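Structure first, then comments.
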Amino acid sequence: MTLQRLFGYLGVIIFFCNGCQSQGLVCGNVAVKGSRIIGGQDAQPGAWPWQVYFTTNDSSCGGSLINDQWVLTAAHCINRDDLYHTDVHLGVSQLDVSSPNKLTRKLSEIICHPDYHSYTSENDICLLKLSAPINFTNYIQPVCLASENSTFHDGVTSLVTGFGVTDSGQTSTLQEVEVPIVGNNRCTCYYQDLFNIYLLLFEDLDTNNYLCAGLQQGGKDSCQGDSGGPLVVQNQNSSMWVQAGVVSFGEGCAKPMKPGIYTRVSKYQRWISDTVTGMEPGFVTFTSPGIDSDSGFHCAATPPATPISTTTDVSIFDSGETLSHLTYFMALICSVTSSFCW
């Protein structure tokens, strides 16, 4: 065979293999096109095929499918004792309706981040291995994950989904809501009392492991029951969806200047890759356009007064309690320092 003919064959092979799925996991695609979390709306069946809902003995949470056997969720949602008492539901958009698109699996492994801190919710991330691999369908697909070089500028549109509490109560229908990313400088300002306490008690706290999203005026947010679920952004150069965050915690739900706080997925690429077995998850670098306005944001010496919330819920996402992180840590400081606290 002549060298020229050999290059010709190689060219044909390269042409036909351009974009071959066998080279890696195809992720973040929605096969079924369709269009409350607080302020959101019903999601159409198949609109978010990576959405996972799972129940343990005493709680329920969301998650996201990242390959054919692994689910990403929040560490506060589950513990090792739940291994044999957890049902994971995939391909479901309505919890109270039977569907041929639904698939249920048990778990074979629970691996939460070794540095998860239950007090600060730092490293609030966990991987669940399904009892057996699943076959992808139009209603069950993996999401792409933000790689370590991803950037999420203040104001970038994101979308969060889940089966949690809505402004009209608990829901059995998957909800979706758009919320803008809130830069870490601005978010830290809104939560400065809380983060100051965290930093006082835990000096090694890295606030860059968090990602915030929500409207300044409130009204749209994730809430109880959405924990562990995905916050996604859409790649501008394609229809691909990329998971930027995992629902973690917040002060109340949809309160003004109290955005939801998420675990920043891009900070955990190495840990996820080192933990997951089998098919490698699809990591994608999401690059925000333009200049990040948050880079020049400085918190005022006196924080703005928080307007009265339109919602009466003051609980935190991870437990449904009515005790905020701030109140909890004030009590903790009083007990540790034996100070007299009113």
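Rounded to whole Å and sorted largest first, what semi-axes of the equivalent ellipsoid does the C-alpha gyration tensor of region 36-178 yield via the square root of 5 times each eigenvalue?
The equivalent ellipsoid of region 36-178 has semi-axes of 21, 21, 17 Å.
How big is the charge dipole of region 34-144 about its Cα centre, in debye rounded to the nearest 20, if each Lys and Arg gets +1 on its Cβ and each Asp and Glu gets -1 on its Cβ?
320 debye
Which pairs, out of Lys220/Lys267; Lys129/Lys220; Lys129/Lys267, put more than 28 Å between their alpha-carbon atoms? Don't skip to the answer; put the middle values down first.
On the way: Lys220/Lys267 25 Å; Lys129/Lys220 32 Å; Lys129/Lys267 21 Å.
Distance filter (> 28 Å) returns Lys129/Lys220.
Given axes a ≥ b ≥ c from the Cα gyration tensor, I'd like to know whether region 83-165 is rounded (a/c under 1.5), prolate (a/b larger than b/c) or oblate. Before the final figure, lay out the partial values.
Values: a/c = 1.80, a/b = 1.29, b/c = 1.39.
The shape class here is oblate.
How far apart, in nm, are two points set 7 Å out from the Cα along the Cα-to-Cβ line at Gln217 and at Glu178?
Each label point lies 7 Å from its Cα, and together they span 1.5 nm.
Below 14 angstrom from the Cβ of Leu25, what's the summed charge of the other residues (Lys, Arg +1; Asp, Glu -1)?
Around Leu25, the surrounding residues sum to -2.
For Gln141, list long-range residues whose amide hydrogen, built 1.01 Å from N in the peptide plane, is under 5 Å from its own amide hydrogen.
Trp50
Along the positive direction of the dipole of region 61-216 (beta-carbon charges: Lys, Arg +1; Asp, Glu -1; about the Cα centre), which of Ala74, Gly162, Ser131 reaches farthest?
Ser131
Given the Cα-Cα distance of Trp271 and Asp81 and 0.36 nm per residue of separation, how much length would full extension add, in nm? Walk me through the numbers before you get to the answer.
On the way: separation 190, 0.36 × 190 = 68.40 nm, distance 2.24 nm.
Stretched fully, the Trp271-Asp81 segment lengthens by 66.2 nm.
FYI, it's all coordinate maths here, none of it is from the lab. Because the structure is a prediction, the values reported are computed rather than measured. Don't worry about glycine lacking a Cβ; one is built from the backbone with ideal geometry, like all the others, and counts go over all protein chains shown.
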